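The values are calculated or read from the model by the stated rules, or taken from the named source; none is laboratory data. Keep in mind it's a predicted model, so treat the numbers as computed, not measured. Positions of Cβ are generated from backbone atoms using ideal geometry, with glycine treated the same way; all protein chains shown enter the neighbour counts.
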Amino acid sequence: MTHAAALMFTGKPRCEFAGKLAAILVIAACALPARAQGTYDSQNAQKIDKTASQQSGAVNPDRPGGALAPVPDGWLVTGGEARDFKGEEGFNEQPALRPRALVPLIDILKPEVASDLKVKAPFAIAVQFKGQQDSPIDPATFKVMYGALKIDITSRITKFVTVTKDGFSLDNARVPPGRHRLTLQVLDEKQRVAERELRLEVE
(Lines give C-alpha, C1' and ligand atoms only; values in the text may rest on other atoms or scores of the structure.)
Protein backbone atom coordinates (compact mmCIF):
# COMPACT_ATOMS: atom_id res chain seq x y z
CA MET A 1 0.00 0.00 0.00
CA THR A 2 1.33 3.44 -0.89
CA HIS A 3 1.78 6.23 1.64
CA ALA A 4 -1.13 8.24 0.12
CA ALA A 5 -3.42 5.22 0.31
CA ALA A 6 -2.46 4.63 3.93
CA LEU A 7 -3.37 8.20 4.84
CA MET A 8 -6.92 7.61 3.54
CA PHE A 9 -7.51 4.90 6.11
CA THR A 10 -5.76 6.34 9.15
CA GLY A 11 -6.37 9.28 11.52
CA LYS A 12 -6.80 12.96 10.62
CA PRO A 13 -5.87 12.75 6.88
CA ARG A 14 -8.79 10.41 6.38
CA CYS A 15 -11.17 12.93 7.95
CA GLU A 16 -9.81 15.76 5.78
CA PHE A 17 -10.30 13.66 2.65
CA ALA A 18 -13.89 12.86 3.62
CA GLY A 19 -14.60 16.51 4.32
CA LYS A 20 -13.27 17.62 0.94
CA LEU A 21 -15.24 14.90 -0.83
CA ALA A 22 -18.45 15.97 0.91
CA ALA A 23 -17.85 19.60 -0.06
CA ILE A 24 -17.41 18.62 -3.73
CA LEU A 25 -20.66 16.61 -3.69
CA VAL A 26 -22.58 19.52 -2.11
CA ILE A 27 -21.32 21.95 -4.78
CA ALA A 28 -22.26 19.53 -7.56
CA ALA A 29 -25.72 18.96 -6.08
CA CYS A 30 -26.37 22.71 -5.94
CA ALA A 31 -25.22 23.23 -9.50
CA LEU A 32 -27.48 20.57 -11.04
CA PRO A 33 -30.87 22.12 -10.11
CA ALA A 34 -29.71 25.53 -11.28
CA ARG A 35 -28.81 24.11 -14.66
CA ALA A 36 -32.05 22.18 -14.89
CA GLN A 37 -33.99 25.31 -13.93
CA GLY A 38 -32.24 27.25 -16.65
CA THR A 39 -33.27 24.63 -19.22
CA TYR A 40 -36.88 24.73 -18.05
CA ASP A 41 -37.01 28.51 -18.14
CA SER A 42 -35.69 28.51 -21.69
CA GLN A 43 -38.30 26.02 -22.84
CA ASN A 44 -41.03 27.85 -20.95
CA ALA A 45 -40.02 31.14 -22.56
CA GLN A 46 -40.34 29.54 -25.99
CA LYS A 47 -43.83 28.32 -25.08
CA ILE A 48 -44.83 31.78 -23.89
CA ASP A 49 -43.49 33.41 -27.06
CA LYS A 50 -45.33 30.86 -29.19
CA THR A 51 -48.63 31.44 -27.33
CA ALA A 52 -48.29 35.20 -27.65
CA SER A 53 -47.60 34.83 -31.36
CA GLN A 54 -50.74 32.77 -31.85
CA GLN A 55 -52.89 35.19 -29.84
CA SER A 56 -51.62 38.13 -31.85
CA GLY A 57 -52.87 36.51 -35.06
CA ALA A 58 -49.43 35.58 -36.41
CA VAL A 59 -49.05 32.43 -38.47
CA ASN A 60 -49.02 29.26 -36.38
CA PRO A 61 -46.17 27.04 -37.64
CA ASP A 62 -47.78 23.92 -36.13
CA ARG A 63 -50.88 24.21 -38.26
CA PRO A 64 -50.80 23.45 -41.99
CA GLY A 65 -51.34 26.66 -43.86
CA GLY A 66 -50.92 28.74 -40.71
CA ALA A 67 -53.53 30.17 -38.36
CA LEU A 68 -56.00 32.85 -39.40
CA ALA A 69 -55.78 36.29 -37.87
CA PRO A 70 -58.70 37.50 -35.76
CA VAL A 71 -61.45 39.35 -37.63
CA PRO A 72 -64.54 41.31 -36.51
CA ASP A 73 -67.61 39.19 -35.74
CA GLY A 74 -69.50 38.04 -38.80
CA TRP A 75 -66.65 38.48 -41.28
CA LEU A 76 -65.68 35.33 -43.17
CA VAL A 77 -62.73 37.01 -44.91
CA THR A 78 -61.29 40.51 -44.97
CA GLY A 79 -60.45 42.49 -48.08
CA GLY A 80 -56.76 41.66 -47.74
CA GLU A 81 -57.49 37.96 -47.25
CA ALA A 82 -59.83 37.92 -50.25
CA ARG A 83 -56.88 39.10 -52.32
CA ASP A 84 -54.24 36.89 -50.70
CA PHE A 85 -56.43 33.76 -50.72
CA LYS A 86 -57.35 34.37 -54.39
CA GLY A 87 -61.10 34.73 -53.95
CA GLU A 88 -61.79 36.05 -57.45
CA GLU A 89 -59.52 33.44 -59.04
CA GLY A 90 -61.57 30.77 -57.27
CA PHE A 91 -64.77 32.39 -58.52
CA ASN A 92 -63.50 32.26 -62.11
CA GLU A 93 -62.24 28.66 -62.02
CA GLN A 94 -64.13 25.98 -63.91
CA PRO A 95 -66.79 24.47 -61.61
CA ALA A 96 -66.07 20.99 -60.32
CA LEU A 97 -68.28 18.18 -61.58
CA ARG A 98 -70.76 16.92 -59.01
CA PRO A 99 -70.39 13.16 -58.47
CA ARG A 100 -73.31 10.89 -59.33
CA ALA A 101 -72.20 8.04 -57.09
CA LEU A 102 -73.92 7.16 -53.82
CA VAL A 103 -72.57 9.98 -51.66
CA PRO A 104 -74.03 12.49 -49.20
CA LEU A 105 -75.26 15.80 -50.57
CA ILE A 106 -75.07 19.48 -49.62
CA ASP A 107 -77.92 21.78 -50.59
CA ILE A 108 -77.47 25.55 -50.30
CA LEU A 109 -80.80 27.10 -49.30
CA LYS A 110 -79.56 30.67 -48.75
CA PRO A 111 -78.55 32.56 -50.73
CA GLU A 112 -80.35 30.99 -53.65
CA VAL A 113 -77.68 29.67 -55.97
CA ALA A 114 -77.57 31.25 -59.45
CA SER A 115 -74.97 31.63 -62.17
CA ASP A 116 -74.86 35.40 -61.63
CA LEU A 117 -75.56 35.48 -57.90
CA LYS A 118 -75.17 38.95 -56.43
CA VAL A 119 -75.76 39.81 -52.79
CA LYS A 120 -75.25 42.66 -50.39
CA ALA A 121 -73.47 42.15 -47.10
CA PRO A 122 -74.50 41.11 -44.57
CA PHE A 123 -76.33 38.10 -45.98
CA ALA A 124 -77.59 34.76 -44.66
CA ILE A 125 -76.10 31.35 -45.40
CA ALA A 126 -78.32 28.31 -44.85
CA VAL A 127 -77.13 24.82 -45.71
CA GLN A 128 -78.85 21.44 -45.60
CA PHE A 129 -77.01 18.11 -45.49
CA LYS A 130 -78.55 14.98 -46.94
CA GLY A 131 -77.01 11.68 -45.89
CA GLN A 132 -77.64 8.34 -47.55
CA GLN A 133 -79.80 5.70 -45.86
CA ASP A 134 -76.81 3.52 -45.02
CA SER A 135 -74.80 6.24 -43.26
CA PRO A 136 -75.63 9.53 -41.50
CA ILE A 137 -73.69 12.78 -41.86
CA ASP A 138 -70.80 13.35 -39.46
CA PRO A 139 -71.09 17.08 -38.63
CA ALA A 140 -67.63 17.12 -37.00
CA THR A 141 -66.10 16.76 -40.48
CA PHE A 142 -67.68 19.93 -41.86
CA LYS A 143 -65.32 22.40 -43.51
CA VAL A 144 -65.60 25.71 -45.35
CA MET A 145 -62.69 26.64 -47.61
CA TYR A 146 -62.19 29.99 -49.30
CA GLY A 147 -60.88 30.99 -52.70
CA ALA A 148 -58.62 29.22 -55.16
CA LEU A 149 -56.20 28.39 -52.34
CA LYS A 150 -59.00 26.72 -50.36
CA ILE A 151 -58.02 28.31 -47.06
CA ASP A 152 -59.92 26.74 -44.17
CA ILE A 153 -62.23 29.36 -42.62
CA THR A 154 -64.53 26.89 -40.84
CA SER A 155 -63.87 28.34 -37.40
CA ARG A 156 -65.28 31.71 -38.49
CA ILE A 157 -68.65 30.03 -39.01
CA THR A 158 -68.69 27.46 -36.21
CA LYS A 159 -67.84 30.24 -33.77
CA PHE A 160 -71.43 31.45 -34.10
CA VAL A 161 -73.48 28.43 -35.17
CA THR A 162 -73.73 24.76 -34.32
CA VAL A 163 -73.35 22.45 -37.29
CA THR A 164 -75.59 19.38 -37.03
CA LYS A 165 -76.17 16.32 -39.19
CA ASP A 166 -78.93 18.33 -40.88
CA GLY A 167 -76.87 21.44 -41.66
CA PHE A 168 -76.65 24.97 -40.27
CA SER A 169 -77.89 28.52 -40.72
CA LEU A 170 -75.77 31.65 -40.31
CA ASP A 171 -77.22 35.16 -40.28
CA ASN A 172 -75.27 38.29 -41.09
CA ALA A 173 -72.31 36.75 -42.91
CA ARG A 174 -69.91 39.37 -44.27
CA VAL A 175 -67.34 39.33 -47.05
CA PRO A 176 -65.88 42.38 -48.80
CA PRO A 177 -67.16 43.64 -52.17
CA GLY A 178 -66.00 41.50 -55.06
CA ARG A 179 -66.27 37.95 -56.34
CA HIS A 180 -65.80 35.03 -54.01
CA ARG A 181 -65.96 31.26 -53.83
CA LEU A 182 -66.75 29.19 -50.76
CA THR A 183 -66.23 25.43 -50.93
CA LEU A 184 -68.34 23.49 -48.43
CA GLN A 185 -67.41 19.94 -47.53
CA VAL A 186 -68.74 17.27 -45.16
CA LEU A 187 -68.33 13.50 -44.78
CA ASP A 188 -70.71 10.78 -43.72
CA GLU A 189 -69.80 8.08 -41.22
CA LYS A 190 -68.50 5.90 -44.05
CA GLN A 191 -66.03 8.68 -44.93
CA ARG A 192 -67.75 9.51 -48.21
CA VAL A 193 -67.31 13.14 -49.19
CA ALA A 194 -69.96 15.68 -50.15
CA GLU A 195 -68.72 18.95 -51.62
CA ARG A 196 -70.55 22.01 -52.90
CA GLU A 197 -69.43 25.42 -54.07
CA LEU A 198 -71.03 28.76 -53.35
CA ARG A 199 -69.97 31.43 -55.84
CA LEU A 200 -71.22 34.93 -55.29
CA GLU A 201 -70.50 38.55 -56.01
CA VAL A 202 -70.88 41.05 -53.20
CA GLU A 203 -71.96 44.50 -54.30
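I'm told residue 141 meets every condition in (1) surrounded by 15 or more Cβ atoms within 10 Å (Cβ to Cβ); (2) touching a residue at least 60 places away in the same chain (Cβ under 8 Å); (3) of a type in the set (Ser, Thr, Tyr) except one. Can you identify the failing condition by its number?
Here residue 141 meets the rest and fails (2).
Please work out which residue is nearest to residue 191 (Cα to Cα), limiting yourself to the range 120-136 and to residues that are out of contact with any Pro (no Cβ under 9 Å at 6 or more places or on another chain) and assigned to a strand (DSSP E or B).
Only one residue tops the list, namely 128.
Considering each residue of the range 137-154, count those that are outside any strand (DSSP E or B) and either at pLDDT below 95 or hydrophobic (A, V, I, L, M, F, W, C) (or both), and give that number.
5
Give 184, 200 a once-over and let me know the one that is at pLDDT 95 or above, in contact with a Lys or Arg (Cβ under 8 Å, 6 or more places away or on another chain) and surrounded by 18 or more Cβ atoms within 10 Å (Cβ to Cβ).
Testing whether each residue is at pLDDT 95 or above, in contact with a Lys or Arg (Cβ under 8 Å, 6 or more places away or on another chain) and surrounded by 18 or more Cβ atoms within 10 Å (Cβ to Cβ) leaves just 184.
Considering the range 80-94 alone, what residues qualify as being over 12 Å from residue 201 (Cβ atoms), modelled with pLDDT under 80 and part of a helix (DSSP H, G or I)?
89
Being modelled with pLDDT under 95 and either under 18 Å from the mean Cα position of the chain (by Cα) or closer than 24 Å to residue 81 by Cβ (or both): is that true of residue 111 here?
It is true that residue 111 is modelled with pLDDT under 95 and either under 18 Å from the mean Cα position of the chain (by Cα) or closer than 24 Å to residue 81 by Cβ (or both).
Take the residues of the range 160-176 that are closer than 22 Å to residue 85 by Cβ and free of Cβ contacts under 8 Å to residues at least 40 places away in the same chain: which is surrounded by the fewest Cβ atoms within 10 Å (Cβ to Cβ)?
161
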